[in-house]
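First comes the structure, then the notes that go with it.
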Amino acid sequence: MTAKIARGALIAALYAVVTIILQPISFRYLQVRVAEALTLLPVLFPEAVPGLFIGCLISNIYGGLGPIDILLGSLTTLAAAWLTYTWRGSWIAYLPPVVLNGVIVGVYLSYLLHVNILLAVGSVALGEAIAVLVLGVPLLKRLQKMNLR
């Protein structure tokens, strides 16, 4: 139990630190939030679900876009992480971070930043796909080979 709590806390810290260090590409509607590569970790570790939520919450507090981003962005990450965990036995598990963030975050960023909704949704989904599929899938495969249960 202690190991799972520690792993969840480590995931939260890693998500927050990577997002904040890479702040110029982590926020706004043109973004590749590199820490989103971690959103596939619920496939292996259920404790990643709350860890990702807390890491995103901390990041979004720092990000400066206000309560809408803090609340909706963090809850979107929580929902995506939970769905990834739920569908962990299928390739469908890779979709929730891309789809939910693309749609939900894209919609509210278009409102907050006064940009075209299709541009915001498309660019957030593209950035998310890069983080999840290009970075997250190889990370997940490497961790699976390490058999870290």
*Could you work out which residue, out of 96, 138, 46, moves most in a Gaussian network model of the chain, that is, has the largest mean-square fluctuation with Cα springs under 10 Å?*
138
*Based on Cα positions only, what radius of gyration and what Dmax would you give for the range 83-149, in angstroms?*
14.3, 45
*Mind giving me the FRET efficiency for residue 22 and residue 1? R0 is 30 Å, r the Cβ-Cβ distance, nearest 0.05 is fine.*
0.40
_Value of Rg to Rh for the chain (Rh from inverse mean 1/r over Cα pairs, i.e. Kirkwood)_ = 0.96
*Find the relative contact order for the chain and round it to a whole percent, using C-alpha pairs within less than 8 Å whose residues are 6+ positions apart.*
27
*Would you calculate, for the chain, the mean residue ellipticity at 222 nm contributed by helices, counting each DSSP H stretch of 4 or more residues as -39,500 (n - 2.57) and dividing by all residues, to the nearest 500?*
-18500 deg cm²/dmol
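We did not get these values from a lab; they are worked out from the coordinates using the rules stated. From a predicted model like this one, the values you see are computed outputs, not experimental measurements. Virtual Cβ from ideal backbone geometry, glycine too; neighbours counted across all protein chains shown.
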